[in-house]
Amino acid sequence: MLLDRQRALQAFAAYAAHYNAQDPKVKLKIDHTYRVAALCDRIASSLEMARSDVDLAWLCGLLHDVGRFEQLRQYGTFNDAQSIDHAAMSARVLFAEGRIRDYLDETDEDELLRTAVAWHSAYRLPEGLDDRTLQFCQILRDADKVDILRVNVEVPMEEIYNVTTEALRQSPVSPAVLQAFYEHHCVLRALKQFPADNAVGHASLVFELCYPESLRAVAQQGWLWKLLDFPTDNPDTAAAFVAAREEMHRWLEQKLA
């Protein structure tokens, strides 16, 4: 695959220009997209992949969230549970509407791109993926998870999850969410009952990162620790986050040793 990155960047910018970039939520997803693409490049390069495959990984990152803009326009939220599956919408925009051809003319990687985009936010990848497709899916999922930590620190949780500051500061943490955290795996969306569950859930994404470079990025960026420094007036929640930080420090140090 021969990819003209400048053409792809222009295609994404042209698509995003149909939406109001002055809306903080739109700008959030534009900025997130560029960072995820860069992280995909970083992870793929660390695996010493061929230049064309590094380009393909980068393109997966650039394409992965194009459906977010229509999700926001139609439903006014990024919450999939309250609207639509944004990954499926991204695949629909690209392939059902044919916008993938704005980014590149070649069709030989369409199925891989469709799979990576459509499954990037799923709790688990489907069984039976070939090794190459699986690797690109994992690179994209890692990059997305790493940057989600940043998003959840830089953007007020009140804005992301449409909750009041009071509700956030008084929120308990669900026992089932803490159990998933200490079992070292992602938290199912259905388990989240309270606003603070989202912070624990996003921190738990780190447990399922696939590549050492992804873990190094987490350690270098520091967003994870800011996320776990959760502001709360609930003493039980405060104690839960202190313990969670300690557990995450121990786990990450062991992985990076």
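Mean residue ellipticity, 222 nm, helices only, the chain: the sum of -39500 (n - 2.57) across DSSP H runs of n ≥ 4, divided by residue count and rounded to 500, is -19500 deg cm²/dmol. If you plug the beta carbon distance of ALA88 and GLN10 into 1/(1 + (r/R0)^6) with R0 = 35 Å, you get a FRET efficiency near 0.85.
In region 1-123, Cα pairs under 8 Å separated by at least six residues give a relative contact order of 29 percent. Across the chain, C-alpha contacts under 8 Å between residues 6 or more apart give a mean separation that, scaled by the residue count, equals a relative contact order of 16 percent. Partner lysines whose Cα lies under 26 Å from the Cα of LYS192, excluding those fewer than 8 positions away in the same chain, are identified as LYS25, LYS29, LYS145, LYS226.
The shape of region 145-204 comes out oblate: with a ≥ b ≥ c from the C-alpha gyration tensor, a/c is at least 1.5 while a/b does not beat b/c. What fraction, in whole percent, of alpha-carbon pairs in the chain exceed 33 Å separation? Cα-Cα pairs in the chain separated by more than 33 Å: 19 percent. With an a/c value of 1.5 or above and a/b not larger than b/c for the gyration tensor axes a ≥ b ≥ c computed over the alpha-carbon atoms, region 184-246 is described as oblate. When each of the peptides 109-119, 169-179 is scored by the mean number of other C-beta atoms lying within 10 Å of its residues, the order from highest to lowest reads 109-119, 169-179.
Each peptide in 143-154, 222-233, 6-17 receives the mean, over its residues, of other Cβ atoms within 10 Å, and ordering these scores from highest gives 143-154, 222-233, 6-17.
Which helices, counted as full DSSP H runs in the chain, have an axial Cα extent of no less than 24 Å and a Kyte-Doolittle average of -1.0 or above?
24-46, 131-154, 235-256
When the Cα positions of HIS184, SER121, VAL242 are compared along the charge dipole of the chain, VAL242 comes out farthest toward the positive end, with charges on each C-beta of Lys, Arg, Asp and Glu. Only the Cβ atoms of Lys and Arg (+1) and of Asp and Glu (-1) were treated as charged; on that basis the dipole of the chain about its Cα centre amounts to roughly 400 debye.
Where a number appears in this text, it was derived from the coordinates with a stated rule and is not lab data. Bear in mind that the values here come from a model prediction, so they are computed numbers and not experimental data. Backbone-built Cβ (ideal geometry, glycine too); neighbour counts: all protein chains shown.
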